[in-house]
Amino acid sequence: MSETIFSKIIRHEIPADIVYEDADVLGFRDVNPQAPVHVLFIPKQALATLNDATPEQASLLGKLLLAAAAYAKREGLAERGYRAVINCNEDGGQTVFHIHVHLLAGRKMHWPPG
Ligand code: AMP
């Protein structure tokens, strides 16, 4: 996988507002928030898109979602609810090719998302 800005965040080479970390996952605030709470959860291991995930990475994908849910519970966001999104490739709106779950919360979400 090619180098992305998120690789630099993992290596602490560029600053990020890190709000969650465990052995496999890093969570930091999005620089261009789309909701009052907008946190990105990324695996420390390189994986470009959801398309590239292998069956061996099923647990890693689960850990991303569980990290987002753990953060939401810790921050008191879980009961009102939130949205967890993975954008994939061009039509999905992916711009950084290091897989990430967007956690959006703090306002009512709309559906369809458009
Ligand atoms: P996506 O469009 O799904 O690939 O999402 C990429 C997200 O990364 C966007 O919401 C950007 O605002 C966010 N982003 C890009 N660079 C940074 C950065 N250095 N720190 C935090 N968020 C970033």
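Applying the set (1) within 16 Å of the ligand (Cβ to nearest atom); (2) surrounded by 15 or more Cβ atoms within 10 Å (Cβ to Cβ); (3) outside any loop (DSSP other than H, G, I, E, B) to ASN51 leaves exactly one unmet item: (2). Kindly indicate whether any position in the range 61-73 is among the basic types (Lys, Arg), open to solvent by 50 Å² or more (accessible area, probe 1.4 Å) and free of Cβ contacts under 8 Å to residues at least 12 places away in the same chain. Yes - at least one qualifying residue is present in the range 61-73.
Of the candidates LEU103, LEU65, the single residue that is farther than 18 Å from PRO33 by Cβ and within 16 Å of the ligand (Cβ to nearest atom) is LEU65. Residues of the range 28-47 that are within 11 Å of the ligand (Cβ to nearest atom), open to solvent by less than 60 Å² (accessible area, probe 1.4 Å) and not in a loop (DSSP other than H, G, I, E, B): PHE28, HIS38, VAL39, LEU40, ILE42.
Could you please find all residues in the range 74-100 being more than 16 Å from the ligand (Cβ to nearest atom), surrounded by fewer than 18 Cβ atoms within 10 Å (Cβ to Cβ) and not in a helix (DSSP H, G or I)? Result: GLU75, GLY76, ALA78, GLU79, ARG80, GLY81. Against the conditions (1) outside any helix (DSSP H, G or I); (2) open to solvent by less than 90 Å² (accessible area, probe 1.4 Å); (3) over 14 Å from VAL101 (Cα atoms), GLN57 satisfies every one except (1). Remark: pairs (first residue in the range 91-103, without any contact (Cβ under 8 Å) to a residue 60 or more places away in the chain and closer than 15 Å to PRO113 by Cβ; second residue of a type outside the set (Lys, Arg) and open to solvent by 30 Å² or more (accessible area, probe 1.4 Å); Cβ separation under 6 Å; 6+ apart in sequence or on different chains) = GLY93/ASN87; GLN94/ASN87; GLN94/CYS88.
Among the residues of the range 5-17, are any part of a helix (DSSP H, G or I) and within 11 Å of the chain's Cα centre (by Cα)? So far as the range 5-17 goes, yes, one or more of its residues are part of a helix (DSSP H, G or I) and within 11 Å of the chain's Cα centre (by Cα).
The values are calculated or read from the model by the stated rules, or taken from the named source; none is laboratory data. This structure is a prediction, so every number in the text was calculated from the model and none was measured. Backbone-built Cβ (ideal geometry, glycine too); neighbour counts: all protein chains shown. When the accessible area is computed, the model is the full protein with side chains, heavy atoms only, and any ligands, DNA or RNA have been set aside. Shrake-Rupley method; radii C 1.70, N 1.55, O 1.52, S 1.80 Å.
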